[in-house]
Amino acid sequence: MAPLLILAWGALAVIALTILGALGALIGQLPLDRLLEALGQEETLFALLMSLRTSALALGLALFLGIPAAWLLARRRFPGKVLVETLLDLPMVTPPLVAGMGLLFLLGREGPVVGVLGMDPFGLLFSPAGVVLAQTYIAVSVLTRSARAAFQAVNPDYAGQAATLGLSPGWAFLLVEVPMAGRGLVSAAILAWARALGEFGATLMVAGATRMRTETLPMAVFLNIASGETEIAIACALLLLSLAFCLLLGIRALTGGSERGAGHAPA
Amino acid sequence: MPRLDLEGVTTPFLGPLDLSVADGEAVALLGPSGSGKTTLLKAVAGLIPHGGRIRFDGRPMERTPPHHRDIGYLSQDVLAFPHLSVAASLRLVLFFDQASAGRRAERVRRTLELCAITHRADRRPDQLSGGERQRAALARALARRPSLLLLDEPFSSLDPETRRQLWAEVGGLRRTLGMTALVVTHDPEEARVLADRVIYLRDGKLVQADKGGASTGARSPAR
């Protein structure tokens, strides 16, 4: 077992040190006073607020669409289910830039939506609404997948039990199944929110990269690195990292940390 | 008119079965494990599809969804809501009752008392013993005062002493509340204690039995 353990510890150390190195390099780029100054810049604050607002809206939409869809996938069999599940997973594995391109062509002037409706009904493209759309597109996929696993972990007989107690399917879903899957659903929501906060590629295609208009934190990093203003870029990157770290910590706290699920050696 | 009337009921493992249960009567279906007893009870509860006709108070149940069937269902798998205390489970069940909040609270208090679980009202299922969990499940099933009680070997996982105690209590409660009951079990003693009449389930058919569970070979319906 010793060589395997050495290999495993070595691999873990390489992975952890690489991440720590990248983080350290980022943090070490700016002295504290200049970092604080960059964090106080109007553009940084705008990007932070834009990211928080749009990602919160995207999370709301993703919850509204993703929770019922996840329940359906967890509870019902239907023809073509495997295809539907694969389709729903697609935004998670395709580059967001490609997803954004698809949305752009779908909602663009020559796209089928405008063709059918005769006008752009949403004003989504190249606006903050477009940011929400792109973030929702990615977040809903993450949320549906994780929430489906959360519902699958709840014994479906509980719904039948609730029915014998006088609860309609809708109330049984809201008052029994959702609370019972609650911890998994909150984890799913946090994960989806983290993905929405960090969304870049699809947002770039759908909402564009316009300073002080569609400028989320990832967009601010991109715009400022491209224009050589690294201080704001670093400040925004650190904000993103801090938010992501807090969200991941939240998931850890909810799921009981790394100890849960750790196996014991057989006796 | 019988309170519960099964006519040509079929499930994947059973039937066709005919059975009538009178108002306030408790009938036990006695049969070995895997004979389809639970399936039949689930069909009566509306939890699985079935063939034939099930009538309650003369009304066909086929188009009545489970949550409108006025039943209480108690099984060996308690399926207690892990996020709710004993009292909160009862409040949830009574949440849709038309009665005032005060009357609902009184019903919760009275049901907890009847099922002798008041002292654990604020505990969640994982803080209860096996017997207490069954009492809590019984309280939850009785909270709405259903007209029909369906019992699916509810106490088979408990120790013999607790089991006998709960048999006596449930039998008494059922009579006190005047409920009609259908009990399925593989235990002749449980059938005898809980029910007024015992029917044996053999090869997917119902056979009349005496109170002790011995088959007499009579076909159902028995009344």
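The values are calculated or read from the model by the stated rules, or taken from the named source; none is laboratory data. Because the structure is predicted, anything quoted here is derived from the model rather than measured. Counting neighbours? That spans all protein chains shown, and the Cβs are built from the backbone with ideal geometry, glycine included. Remember, those area values only see protein heavy atoms, side chains included, never the ligands or the DNA or RNA. Shrake-Rupley method; radii C 1.70, N 1.55, O 1.52, S 1.80 Å.
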Where a ≥ b ≥ c are the square roots of the eigenvalues of the C-alpha gyration tensor, would you call the protein assembly as shown rounded, which needs a/c under 1.5, or, failing that, prolate if a/b is larger than b/c, or oblate? prolate
Taking only Cα atoms and a 10 Å spring cutoff, compute GNM fluctuations for chain A and point out the largest among A:Ile27, A:Ile190, A:Ile251. A:Ile27
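Provide a whole-number value for the mean count of partner chain Cβ atoms within 10 Å of the Cβ atoms in peptide A:149-159.
Taking the mean over all residues of the peptide, I get 1.
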So what is Rg over Rh here for segment A:123-248, counting just Cα atoms and using Kirkwood for Rh? 1.17
Segment B:81-145 - Debye-derived log10 I(q)/I(0), Cα point model, q = 0.16, 0.19, 0.26 Å⁻¹: -0.43, -0.60, -1.09
Can you list the HN-Hα couplings for segment B:171-184, worked out from phi with the Karplus curve (6.51, -1.76, 1.60; θ = phi - 60°), rounded to whole Hz and with x for Gly and Pro? x, x, 4, 4, 5, 4, 8, x, 8, 7, 9, 10, 10, 10
Stretched out fully, how many nm does the piece from A:Phe126 to A:Ile19 gain, at 0.36 nm a residue minus the Cα gap? 35.1 nm
Given backbone amide H placed at 1.01 Å from N, residues whose amide H is under 5 Å from that of B:Gly72, ignoring those fewer than 5 places away on the same chain, are B:Leu148, B:Leu149, B:Leu150
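Please give the FRET efficiency for B:Leu177 paired with A:Leu4, using the beta carbon to beta carbon distance and R0 = 56 Å, rounded to the nearest 0.05.
0.30
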Heavy-atom accessible area per residue - chain B, 1.4 Å, Å²: 43 Å²
What residue among B:Glu161, B:Glu153, B:Glu106 has the largest mean-square fluctuation in a Gaussian network model of chain B, using Cα springs under 10 Å? B:Glu161
Cα pair count fraction exceeding 27 Å, expressed as % - chain B: 31 percent
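With an 8 Å cut-off on Cα pairs and a minimum separation of 6 or more residues, tell me the relative contact order of segment A:1-141 in percent.
Once divided by the residue count of segment A:1-141, the mean separation gives 32 percent.
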Normalise the Cα radius of gyration of segment B:24-93 by 2.2 N^0.38 Å (N = residues in it) and let me know the number. 1.31
About the Cα centre of chain B, how large is the charge dipole given +1 on each Lys and Arg Cβ and -1 on each Asp and Glu Cβ? Please answer in debye to the nearest 20. 580 debye
Taking amide hydrogens as modeled 1.01 Å from N in the peptide plane, which residues meet the under 5 Å criterion relative to B:Ser20, leaving out close sequence neighbours? B:Leu6, B:Ala222, B:Arg223
Contact order normalised by residue count of chain A, Cα under 8 Å, 6+ apart, percent: 28 percent
Amide H to amide H, which residues 5 or more places from B:Gly52 or on other chains are under 5 Å from it, using H placed in the peptide plane? B:Thr10
Solvent-accessible surface (1.4 angstrom probe) belonging to B:His68, in square angstrom, nearest 10: 120 Å²
Using the alpha-carbon atoms, what tilt in degrees (0 to 90, nearest 10) does helix B:101-114 show relative to the longest principal axis of chain B? 70 degrees
Where a ≥ b ≥ c are root eigenvalues of the Cα gyration tensor, a/c under 1.5 meaning rounded, otherwise prolate if a/b exceeds b/c and oblate otherwise, chain A counts as oblate
Sorted on mean Cβ neighbours within 10 Å (highest first), peptides A:146-159, A:92-105 come out as A:146-159, A:92-105
Contact-by-burial set, segment A:162-180, min loss 10 Å², accessible area of protein heavy atoms with 1.4 Å probe, reference chain alone, gives A:Ala163, A:Thr164, A:Leu165, A:Gly166, A:Leu167, A:Ser168, A:Pro169, A:Trp171, A:Leu175, A:Val176, A:Pro179, A:Met180
Using a Gaussian network model of chain A with C-alpha springs under 10 Å, which one of A:Ala56, A:Ala220, A:Ala202 is most mobile by mean-square fluctuation? A:Ala56
Cα centroids of segment B:133-177 and segment A:50-88: how far apart, whole angstrom? 41 Å
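Let's see if you can work this out: charge +1 on each Lys and Arg Cβ, -1 on each Asp and Glu Cβ, no other charges. What is the dipole magnitude of segment A:33-256 about its Cα centre, in debye to the nearest 20? Please list the in-between numbers first.
Details: 14 positive and 14 negative charges, 167 e Å.
Once rounded to the nearest 20, the dipole reads 800 debye.
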Answer in debye to the nearest 20: the dipole magnitude of the protein assembly as shown about its Cα centre, from +1 Lys/Arg and -1 Asp/Glu charges placed on Cβ, is 1460 debye
Percent antiparallel among DSSP beta bridges with both residues in the protein assembly as shown, to the nearest 5? 50 percent
May I ask you to evaluate 6.51 cos²θ - 1.76 cosθ + 1.60, the Karplus curve with θ = phi - 60°, for each residue of segment A:73-89 and list the ³J(HN,Hα) values in order in whole Hz, giving x for glycine and proline? 5, 6, 10, 10, 9, 8, x, x, 4, 4, 5, 4, 5, 5, 4, 5, 7
Can you give the local net charge around A:Gln41? Use residues other than it whose beta-carbon is closer than 13 angstrom to its beta-carbon, Lys and Arg +1, Asp and Glu -1. -4
With a 1.4 Å probe and all protein chains kept in place, how do B:Arg120, B:Arg174, B:Arg109 rank by accessible area, largest first? B:Arg109, B:Arg120, B:Arg174
Contact order relative to length for segment B:68-162, counting C-alpha pairs under 8 Å separated by 6 or more residues, stands in percent at 50 percent
Here the net charge surrounding B:Ser33, from other residues whose Cβ is less than 13 Å away from its Cβ (Lys, Arg +1; Asp, Glu -1), is -2
What translational diffusion coefficient, in µm²/s and rounded to a whole number, does the Stokes-Einstein relation yield for segment B:73-185 at 25 °C and a viscosity of 0.890 mPa s, taking the hydrodynamic radius as the Kirkwood radius over Cα pairs? 175 µm²/s
Hey, if you put +1 on the Cβ of every Lys and Arg and -1 on every Asp and Glu Cβ in segment B:81-145, which of B:Ala116, B:Gln98, B:Ala143 ends up farthest toward the positive end of that dipole? B:Gln98
Accessible-area ranking of A:Trp9, A:Trp71, B:Trp167, largest first, probe 1.4 Å: A:Trp9, A:Trp71, B:Trp167
In whole Å, largest first, the alpha carbons of segment A:47-142 cover along the principal axes 39, 35, 24
Given the rule -39500 (n - 2.57) for each run of at least 4 DSSP H residues, summed and divided by the residues of chain A, what is its mean residue ellipticity at 222 nm, to the nearest 500 deg cm²/dmol? -24000 deg cm²/dmol
Among A:Ala47, A:Thr136, A:Leu125, whose Cα sits farthest toward the positive end of the charge dipole of the protein assembly as shown (+1 at Cβ of Lys/Arg, -1 at Cβ of Asp/Glu, about the Cα centre)? A:Thr136
